[in-house]
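All of the numbers you see were taken from the coordinates with simple rules; none came from a lab. None of these values were measured; they are calculated from a predicted model. Here the Cβ positions follow ideal geometry from the backbone for every residue, glycine too, while neighbour counts run over all protein chains shown.
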């Protein structure tokens, strides 16, 4: 009996070792891509792609790295701690202008911003003398506030602009320390949901298909792992196209820890299909960046946007 069992045990052991070897080899072929994001609805295409690739057991594993503020995320991107990020496009443009090796490869979303004001603000003309918060001077939110003022014969000099952390804006509006704000979602929807304010403008009313966030990759990642970068970007665009309102809400509930009513309001204002960053869209952005004093010398399309991915 022992003579029979010994060969059998040796065979089982050999098969087990072979199996382990194949698994290790398979794991070695998986490419990890580190992507930075903030927990906002503007990052949902990045989050959706990570889930899709994991479910499909593809050769790319997306390691999502969450940050709590734009400065933290930008520091990680600019210093090469991550391979890419979903980031305010104006911040990325400024980094490129300062010599950081990054490229924008797609939009993060289209539209998806609102200007929320206190309930006693009657209309756009009533913004004069009011205090309006934005998350960062280098943002489409800054541009949208300028466009809203221009729409009503006002300029940025007619209001008091303050920079405020997005998470603080709904409570600041409720407390009356600011009169309105424009910021990434879902924080606009939160202000509406708690009754602190109302929507004065949706971004599409001021700037249709406005550029706000972009998917940005480091030159190092693109140069050293070009095939992986191309595959990642293609999957990202596919993920955006699959984000209808139902799927967007599902992924938002998984990652953003927001109430249903907030997400229901917020997701009415945003879309993720066709995230190509075209030259027309970029030139429209550059025009506004210059006009409203965000930058005198933004990077040229061919230097900053990788359009053939």
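Compared with the dominant principal axis of the Cα atoms in the chain, helix 140-151 is inclined by about 30°. In this label model, residue 63 and residue 250 are separated by 2.8 nm, measuring between points 7 Å along each Cα→Cβ vector. Each principal axis of the Cα atoms in region 29-121 has its own extent, and those three values, largest first, are 58, 34, 22 angstrom. Applying 1/(1 + (r/R0)^6) with R0 = 41 Å to the Cβ-Cβ distance of residue 238 and residue 303 gives a FRET efficiency near 0.95. Extension gain for residue 125 to residue 283 (0.36 nm times residue separation, less C-alpha to C-alpha distance): 54.0 nm. To the nearest 0.05, what FRET efficiency results for residue 81 and residue 155 with a Förster distance of 51 Å applied to their C-beta separation? So, using R0 = 51 Å, E works out to roughly 0.85. Mean separation of Cα pairs under 8 Å and 6 or more residues apart, divided by the residue count, gives the chain a relative contact order of 25 percent. Working note: 222 nm ellipticity from helices only, DSSP H runs with n ≥ 4, each -39,500 (n - 2.57), summed and divided by the residues of the chain, gives -14000 deg cm²/dmol to the nearest 500. Per-peptide packing, taken as the mean over residues of other Cβ atoms within 10 Å, places 32-39, 93-100 in the sequence 32-39, 93-100 from highest down. Largest first, the extents of the alpha carbon coordinates of region 140-222 on the three principal axes equal 46, 30, 21 Å. By the Cα gyration tensor, the chain has an equivalent ellipsoid whose semi-axes, rounded to whole angstrom, run 44, 22, 15 from largest to smallest. Only Cα pairs under 8 Å and 6+ residues apart enter the sum, and on that basis the relative contact order of region 137-256 stands at 22 percent.
Between residue 205 and residue 29, the contour length at 0.36 nm per residue exceeds the Cα-Cα span by 58.6 nm.
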